[in-house]
Amino acid sequence: MKIFNARVLGNLLIVLGILILLVAVYDALRPYFPDRASYDFIGRLRSSLDGSPAPPRRPPPRRRHPLRSAAPPLFIEGEGLITRNVHYTRGNYHLWAWAVKPEKVEGDRAKLEAAHAAPGEEGGFWMVAFADTTGDGEPDREIARSDYLTAEKAGEWSSLEFEVPGDRRIFVGTTWPEESDTAVFRTNGPWPTDDGPFEDRFYHTIRPGKAVTAGPAYTNLRISFH
């Protein structure tokens, strides 16, 4: 009695030939495979061909919280607001600072005020001030920072007092946690009044040797001196 007939033997030879072809193709392409497969099924295919342990499954990426709408509320209470337009940062940046016009610096001590665009951490920030220590007209050193500040309702103001450096060249604004979707007041365009204390363009990156500016834009920010 024959265990294998011609048809079964032929099918086995075909399957064996296909496997040999796959191994040959894999050996030719193996140098081009990444060390860590981009997809789990590629890693399992590699392990089945060369007999190595299958790589552990990677957990799915963590989902970030949904981004909020950038549409401003219908009404925000608060005195002295020059804009009610609310902008959500969406984690793209974490700092805005404006240069104070040197001719507007009238004392040795300054009081900076900024309005919160939302209550709680959604509109929370630190108030900051920078100086120009290299004389190139750009901020490069932080000289004052408040505690982390929040408000009970949108439109409330917080303040920070600090000493003015001798050259009277200062840059002031707010900063918030990196990668957070913080609500801030912002309207594109120059400041509404020509005689205001701030220059129109703002800085969104301030590091030693690197200060990046953009704009123009303005927010609910004010400064006084005494």
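The values are calculated or read from the model by the stated rules, or taken from the named source; none is laboratory data. Note that the coordinates shown come from a computational prediction; the quantities given were computed from them, not determined experimentally. Cβ placement follows ideal geometry from the backbone for every residue including glycine, while neighbour counts extend to all protein chains displayed. Please note that ligands, DNA and RNA were not included when accessible areas were found on the heavy atoms of the full protein model with its side chains. Shrake-Rupley method; radii C 1.70, N 1.55, O 1.52, S 1.80 Å.
Can you compute 3J(HN,Hα) from phi for each residue in region 110-123, using the Karplus curve 6.51 cos²θ - 1.76 cosθ + 1.60 with θ = phi - 60°, rounded to whole Hz and x for Gly and Pro?
Couplings: 10, 10, 9, 10, 9, 9, 8, 8, 7, x, x, 5, 4, x Hz.
Of all accessible surface on region 87-226 at a 1.4 Å probe, what whole percent is carbon and sulfur?
Roughly 44 percent, rounded to a whole number.
Please list, in order along region 149-158, the HN-Hα scalar couplings obtained from phi with the Karplus expression 6.51 cos²θ - 1.76 cosθ + 1.60 (θ = phi - 60°), rounded to whole Hz, x for Gly and Pro.
10, 9, 10, 7, 8, 5, x, 6, 9, 10
Sequence-distant or interchain residues sharing an amide H contact under 5 Å with Thr205, placed H: which?
Counting only residues 5 or more places away or on other chains, the set is Val212.
What does the net charge come to around Asn188 if you take all other residues with beta carbon closer than 12 Å to its beta carbon, with K and R at +1 and D and E at -1?
+1
5 Å is the cut-off here: which amide hydrogens, built 1.01 Å from N in the peptide plane, fall below it relative to Thr182, excluding neighbours closer than 5 in sequence?
Amide H neighbours of Thr182: Thr89, Arg90, Gly91.
Where does each of Thr187, Thr134 land when they are ordered by accessible area, with a 1.4 Å probe and the largest first?
Thr134, Thr187
Among the listed pairs Lys111/Lys153; Lys104/Lys210; Lys101/Lys153, give every one whose C-alpha distance is greater than 27 Å.
Details: Lys111/Lys153 22 Å; Lys104/Lys210 25 Å; Lys101/Lys153 31 Å.
Result: Lys101/Lys153 exceed 27 Å.
Go ahead and run the numbers for FRET between Glu161 and Thr193, Cβ-Cβ distance against an R0 of 25 Å, rounding to 0.05.
For Glu161 and Thr193, the calculated efficiency is 0.60.
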